[in-house]
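Working notes, structure below.
The values are calculated or read from the model by the stated rules, or taken from the named source; none is laboratory data. Note that this is a predicted model, so its numbers are computed, not measured. Every residue, glycine as well, gets a Cβ built from its backbone with ideal geometry; the counts of neighbours run over all protein chains shown. Accessible surface is based on the protein model in full, side chains and every heavy atom, while ligands, DNA and RNA are left aside. Shrake-Rupley method; radii C 1.70, N 1.55, O 1.52, S 1.80 Å.
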Amino acid sequence: MATQFGSCSFTSPPSSSSSTFLVPSSFKNGTTLFREFIIYPRNKQFPSWVSQIGSRNLGRNHFRLKSSNGHPLNAVSSHDGLVANPVAKDRAEPEGKGELFPFSEQANGDCTISITVVGASGDLAKKKIFPALFALYYEDFLPKNFIVFGYARTKMSDDELRSMVSKTLTCRIDKRENCEDKMDEFLKRCFYHSGQYNSEENFVELDNKLKEKEAGKVAHRLFYLSIPPNIFVDVVRCASLKASSESGWTRVIVEKPFGRDSESSGDLTRSLKQYLAEDQIFRIDHYLGKELVENLSVLRFSNLVFEPLWCRNYIRNVQLIFSEDFGTEGRGGYFDNYGIIRDIMQNHLLQILALFAMETPVSLDAEDVRNEKVKVLKSMRPLQLEDVVVGQYKGHCKGSKSYPAYTDDPTVPNGSLTPTFAAAALFIDNARWDGVPFLMKAGKALHTRRAEIRVQFRHVPGNLYKRNFGTDLDKATNELVLRVQPDEAIYLKINNKVPGLGMRLDRSDLNLLYRARYPREIPDAYERLLLDAIEGERRLFIRSDELDAAWSLFTPLLKELEEKKIAPELYPYGSRGPIGAHYLAAKHNVRWGDLGGDDS
């Protein structure tokens, strides 16, 4: 059976018992889009609420590709438009009677995807977004018909954009022979339009260029806002009113920061929702796209050895550690307005914590996963000042080399109290995690570059071998470490007998080093997240109520720090951070896991 939608043809498997109906889906700009659904009996065992709009041809890799929730990549999330469309809900089959089938490969190439990178001349676009799009194209993950537009205020021609982008594109480490050809083909699909971010007229011009390249096909449009947050709303207003797709979906990826506190974040969300439905907004946190963060739920929910231990009965503390071995280096003006708590802890580390601590979701559907994350965030105590240490790096000389202080950065105001380091103890008041301290630590200009999750288990009750460890029982503590970067790895610290006639114990690692086990290059986080946005898969993007819950934890602390003008503790550039962080850990009977001499 073949079904038609506009000029796109989709093929679905034969069935003797199916029914078809149309439901409208409306954009905020007034455009109405009809979707056609086919109902199949529940025994078909396919994901529910998958519409055929957006199915695409993935070429030779199609049948082996999966999106981040494990569904086939041609299965587009049905949440597009349904949240804001009560008609669709009313017309749906009652639960239990049927499920929607994820349509198989698109029969022709009459659909196209247009990706517009707003802020195309900026560093993020040049270093991350364009290279990620090329990597997806290089690995045949993008649909047959796609175009990429750069949009910014900088005056530039198509050829100048291609020249700029080409300098940052790299091929995979396997160095296939067709690399240069693929790069040339990708660049031919890249175009540029210069305009103001608040000009509806300029976005009309962009819309005309997009329509020219789309050549009458059913067009889906993705806008990536690689711009400062103060112009988010202007761009969304102009794009929604003047450059939305008239025949397909329109989605917008928004980069952090999502405000500075609960109030500004709420204002931003309400402003965006004047022009977009919630399911059109993709709030990106690139840490959620990192391989080890993705593997966190697999490790826990797909291995029986871990899930029974994932609770207060066996886990003594959890540490989330982020460190950079460089300072602000000219970005101080931006960083000083936010600080390390807003820049790293409130988003990256808190999102990882929520994924780590959540209950088992009903399914891997985006809403089920995000519901569980929200429950965790709402169960957490708001941060108290006595459970937080802030620091700021100072100048330091090591040998003949001199390292600058944070306030030596010419873009940083004199006498700034903005923290470049913070450590905090958080608690989740629920049955699973009651009393377990979750320690966060994030800083710049530290001794090493590192991002990891460390799970320290409780001491063995009545350990027969405690005499062999002396008085320091922490040396006998089992510890699970997920190293997010660099050199991705998962390792478990265990106690082991050293071979020989005596009874000498050693702490050893059961180690899964990714570069040894998986020689292929690990995709960049932006590749995974861009692909998910194209597919309509929202599991790794932040929902508005998640954002509200996250800010509610940190806003009272941030206001108190600023109102009381709390001076950060100074620490030398290249050190392990302020001494106060060690006292904070000791207060909760914890030793930072990254400080041991035997640390991997």
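Couple of notes before you dig in:
- Subset of region 140-158 (residues that are under 18 Å from Leu222 (Cβ atoms) and either of a type in the set (Ser, Thr, Tyr) or out of contact with any strand residue (DSSP E or B) (no Cβ under 9 Å at 6 or more places or on another chain) (or both)): Phe141, Tyr151
- Filtered residues of region 239-265 (kept if open to solvent by 10 Å² or more (accessible area, probe 1.4 Å) and in a helix (DSSP H, G or I)): Leu241, Lys242, Ser262, Glu263, Ser264
- Count of region 335-357 residues which are touching a helix residue (DSSP H, G or I) at 6+ places or on another chain (Cβ under 9 Å) and surrounded by fewer than 19 Cβ atoms within 10 Å (Cβ to Cβ): 0
- For beta carbons closer than 6 Å, sequence separation of 6+ or different chains, a first residue in region 560-574 that is open to solvent by 50 Å² or more (accessible area, probe 1.4 Å) and a second that is part of a helix (DSSP H, G or I), the qualifying pairs are Glu560/Leu385; Glu569/Gly580.
- In the set Pro410, Pro419, only one residue is open to solvent by 70 Å² or more (accessible area, probe 1.4 Å) and not aliphatic (A, V, I, L, M); that residue is Pro410.
- Here Ile428 meets each of (1) open to solvent by 60 Å² or more (accessible area, probe 1.4 Å); (2) farther than 30 Å from Gly332 by Cβ; (3) at pLDDT 90 or above with one exception, condition (1).
- Meets criteria (of a type in the set (Asp, Glu), in contact (Cβ under 8 Å) with a residue 12 or more places away in the chain and outside the structural domain of Phe149 (by the TED database)) for Asp234: no
- Every residue from region 575-592 that is of a type in the set (Gly, Ala, Ser), open to solvent by 20 Å² or more (accessible area, probe 1.4 Å) and not in a helix (DSSP H, G or I): Ser575
Results for (1) in contact with a Ser or Thr (Cβ under 7 Å, 6 or more places away or on another chain); (2) not acidic (Asp, Glu), shown as yes or no for each residue.
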{"position": "Ser157", "(1), (2)": "no, yes"}
{"position": "Ser166", "(1), (2)": "no, yes"}
{"position": "Leu169", "(1), (2)": "no, yes"}
{"position": "Cys190", "(1), (2)": "no, yes"}
{"position": "Lys209", "(1), (2)": "no, yes"}
{"position": "Glu214", "(1), (2)": "yes, no"}
{"position": "Val218", "(1), (2)": "yes, yes"}
{"position": "Phe232", "(1), (2)": "no, yes"}
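- Positions within region 487-530 being closer than 24 Å to Phe306 by Cα, touching a residue at least 12 places away in the same chain (Cβ under 8 Å) and assigned to a loop (DSSP other than H, G, I, E, B), in sequence order: Asp487, Glu488
- Cross-chain or 6+ apart pairs with Cβ under 7 Å, region 258-277 first and of a type in the set (Phe, Trp, Tyr), then outside any helix (DSSP H, G or I) and modelled with pLDDT under 90: Tyr275/Lys28
- Members of region 358-393 that are under 19 Å from Leu561 (Cβ atoms) and open to solvent by 50 Å² or more (accessible area, probe 1.4 Å): Arg381, Pro382, Gln384, Glu386
- Close pairs from region 359-375: first at pLDDT below 90, partner open to solvent by 70 Å² or more (accessible area, probe 1.4 Å), Cβ under 9 Å, at least 6 apart: Asp365/Trp49
- Scanning region 279-309 for residues being surrounded by 16 or more Cβ atoms within 10 Å (Cβ to Cβ), over 30 Å from Thr448 (Cα atoms) and among the acidic types (Asp, Glu) gives a total of 1.
Table: residues versus (1) of a type in the set (Val, Ile, Thr); (2) at pLDDT below 90; (3) open to solvent by 20 Å² or more (accessible area, probe 1.4 Å).
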residue: Phe191; (1), (2), (3): no, no, yes
residue: Ser194; (1), (2), (3): no, no, yes
residue: Glu201; (1), (2), (3): no, no, yes
residue: Glu205; (1), (2), (3): no, no, yes
residue: Glu214; (1), (2), (3): no, yes, no
residue: Val218; (1), (2), (3): yes, yes, no
residue: Leu222; (1), (2), (3): no, no, no
residue: Pro229; (1), (2), (3): no, yes, yes
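- Candidate set from region 477-507 (those that are more than 21 Å from Val318 (Cβ to Cβ) and under 23 Å from the mean Cα position of the chain (by Cα)); member that is least open to solvent (accessible area, probe 1.4 Å): Pro486
- Condition check for Arg312: of a type in the set (D, E, K, R) and crowded, with 16+ Cβ neighbours inside 10 Å: no
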